[in-house]
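Notes for the one structure printed next.
The values are calculated or read from the model by the stated rules, or taken from the named source; none is laboratory data. The shown structure was predicted, so the numbers you read here are calculated from the model rather than taken from an experiment. For neighbour counting, all protein chains shown are included, and Cβ atoms are generated from backbone atoms with ideal geometry for every residue, glycine included. Please note that ligands, DNA and RNA were not included when accessible areas were found on the heavy atoms of the full protein model with its side chains. Shrake-Rupley method; radii C 1.70, N 1.55, O 1.52, S 1.80 Å.
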Amino acid sequence: MSYMIPRRTITAALAALVLMGGAAPGIAQDKAGLRYDEIPSGAYAVVAEVRAKPGMEDALREATLPLVPQVRSEPNNLLYFLHENREAPGHFIFYEIFASRADFEAHNATPHVQTWFARLPELADGGVTVLRMKPLGNSATFSP
């Protein structure tokens, strides 16, 4: 039996592979060889979002981009991606995985994150919305 895979699905999969394959020059490198099945069962994932005030999209982007290499360099950060909504510039989504909840809390206490939080009243429409997630589907947390 053959299956037709929509072109959008293939394109999205290839884009994900490129993103996971390595970072652009000048940006902190991905964790060496981290694989899904090596994410510890106690890992702590976060999906967070923040929206810029009208007219502050560029300023929030400029304040936020430096977090990428800084957070990726934190010792117990396993994965950190910053995304911006293509249809709504200034709407940012973070996807983060830390080794533990304590590591996530320590991340929030770092000087670079505290400096960023201090700028939010000027730049963001409201605060940061945070979803605290438990990774599923890797062999450390799920067995079929």
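Suppose the filter is at positive phi and surrounded by fewer than 19 Cβ atoms within 10 Å (Cβ to Cβ); does GLY90 pass it? In short, no. May I ask you to list the residues in region 53-79 that are within 26 Å of ARG101 (Cα to Cα), crowded, with 16+ Cβ neighbours inside 10 Å and of a type in the set (A, V, I, L, M)? Passing the criteria: ALA63, LEU67, VAL68, VAL71, LEU78, LEU79. Under the condition of being touching a Gly at 6+ places or on another chain (Cβ under 8 Å) and more than 18 Å from ALA63 (Cβ to Cβ), the residues counted in region 102-135 number 0. Apart from one condition, LYS134 fits all of (1) within 12 Å of the chain's Cα centre (by Cα); (2) modelled with pLDDT under 95; (3) among the charged types (D, E, K, R); the exception is (1). Exactly one residue out of GLY33, GLY22 is over 20 Å from GLY137 (Cβ atoms), modelled with pLDDT under 95 and either of a type outside the set (S, T, N, Q) or surrounded by 12 or more Cβ atoms within 10 Å (Cβ to Cβ) (or both), and it is GLY22. Residues of region 107-119 that are touching a residue at least 24 places away in the same chain (Cβ under 8 Å), assigned to a helix (DSSP H, G or I) and over 16 Å from the mean Cα position of the chain (by Cα): ARG119 alone. The C-beta contact set for region 86-105 (first residue more than 10 Å from ALA43 (Cα to Cα) and among the aliphatic types (A, V, I, L, M), second residue at pLDDT 95 or above and open to solvent by 10 Å² or more (accessible area, probe 1.4 Å), distance under 8 angstrom, 6+ apart or interchain) comprises ALA88/ARG51; ILE93/VAL47; ILE93/GLU49; ILE93/LEU82; ILE93/HIS83; ILE93/GLU84; ILE93/ASN85. Filtering region 102-126 to residues that are surrounded by fewer than 14 Cβ atoms within 10 Å (Cβ to Cβ) and of a type in the set (Ser, Thr, Tyr) leaves only THR115. Check region 87-106 and report whether any residue there is β-branched (Val, Ile, Thr) and not in a strand (DSSP E or B). Among the residues of region 87-106, not one is β-branched (Val, Ile, Thr) and not in a strand (DSSP E or B), which makes the answer no.
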